[in-house]
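Here is the structure we will look at.
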Amino acid sequence: MQKGFVPFAEVKRAVSLEAILERYEFLASLTRKGMNLAGPCPFCKGSSGRQFQVNLVKNAWYCFGCKAGGNILDLVAKKEEVSIRTAALKLDSWFELGLVAKEKPQAEAPASPVETRAASPEAPPAAKEVPPTSNPPLAFTLKTLDTARRDS
Ligand SMILES: [Zn+2]
């Protein structure tokens, strides 16, 4: 067992920023506009009501007051005042991701599923063996010659 292994990329993929904001009850104070959220910063609690910005598509956040931002791991690390690694461990535990305890040889699995595009098993057989074409009859040629000679 790789007990210390933390697959950051998988944790980030598994948990949405929205879910984190929900958990911290930050969501209520944010104004939603499409896939963007804005509101007072839960950290610096600055006077501006829009300094804390969230992009739910990118799962990214930024505070113009803190001049800090990042992904879900950064948010949890900031909120909990822990390292990114500990933040990932917390997320794994909170959302029961089961990513950390599992033994995984590699963290960065390809994002896109690998498509197994096997060559068509029913490929048409190679061109059938064509029987040799029979020799064209020579009769015509001979006949023409015959005619020509008779006309002269
Ligand atoms: Zn802030």
Here, GluC sites (Glu not before Pro) of segment 1-90 satisfying both criteria (DSSP loop; at most 14 other Cβ within 10 Å) are E25, E81
Applied in sequence order to segment 53-63, the curve 6.51 cos²θ - 1.76 cosθ + 1.60 (Karplus, θ = phi - 60°) yields integer Hz couplings, x standing for Gly and Pro, of 10, 10, 10, 6, 6, 8, 6, 10, 9, 7, 10
Magnitude of the Cβ-charge dipole (Lys and Arg +1, Asp and Glu -1) of segment 8-94 about the Cα centre, nearest 20 debye, reported as 280 debye
Those trypsin sites (Lys or Arg not before Pro) from segment 28-63 that are DSSP loop and have at most 15 other Cβ neighbours within 10 Å turn out to be K45, R50, K58
The extension gain from A68 to S29, computed as 0.36 nm times the residue separation minus the Cα-Cα distance, is 12.2 nm
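Could you please report the charge total around T86, scoring K, R as +1 and D, E as -1 over all other residues with beta-carbon less than 13 angstrom from its beta-carbon? Before the final figure, lay out each step's value.
Details: positive: K78, K79, R85, K90; negative: D74, E80, E81, D92.
Net of charged neighbours comes to 0.
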Taking 0.36 nm per residue of separation between K58 and K12 and subtracting their Cα-Cα distance, the length gained on full extension comes to 15.5 nm
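Any read-out appearing in this document is the output of simple, stated calculations on the displayed coordinates, not a laboratory observation. Everything numeric in this text was worked out from a predicted model, so none of it was measured. Glycine also receives a Cβ, built like all others from the backbone with ideal geometry; neighbour counts cover every protein chain displayed.
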